[in-house]
Amino acid sequence: MLAITEYSVEQVLDPFGILAGKRYEFLIDIDVPEDDELHSENGVRVRVIYKEDGEQSGVVRYELQERTTGRLLDYDMEPEEEMELAAFCREHLAEAGE
């Protein structure tokens, strides 16, 4: 289970109207136990691009980063964590500014 400590969300604007649907960028800080290989003393953040387009909604991509440096971490989430991440994003779309 993801231990989310803080997050922000904003709509990514498509000024040329090229992309179908709407895109949102989430920055989600997660608490990672010290014994987990993903743990970083600088903290861990997940950057998520989420697409909302009727029935085609979901996570387009995500990146794991060190929170303070922005350095990319070369890890993947477990499938259950990815599903939890998608559900979290779906629940918090309304908080994005239009």
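The values are calculated or read from the model by the stated rules, or taken from the named source; none is laboratory data. The model shown is predicted, which means the values in this text are computed figures rather than measured ones. These area figures cover heavy atoms from the full protein model, side chains too; ligands, DNA and RNA do not enter into them. Shrake-Rupley method; radii C 1.70, N 1.55, O 1.52, S 1.80 Å.
So what's the angle, to the nearest 10 degrees on a 0 to 90 scale, between helix 79-91 and the longest Cα principal axis of the chain? With rounding to tens, the tilt is 50 degrees. By accessible area, using a 1.4 Å probe on protein heavy atoms only, the chain has 46% of its surface on carbon and sulfur. Each principal axis of the chain carries a Cα extent, and these read 44, 26, 23 Å when sorted largest first. Contact order, relative form, for the chain: 26 percent (alpha carbon pairs under 8 Å, 6 or more residues apart, mean separation divided by residue count).
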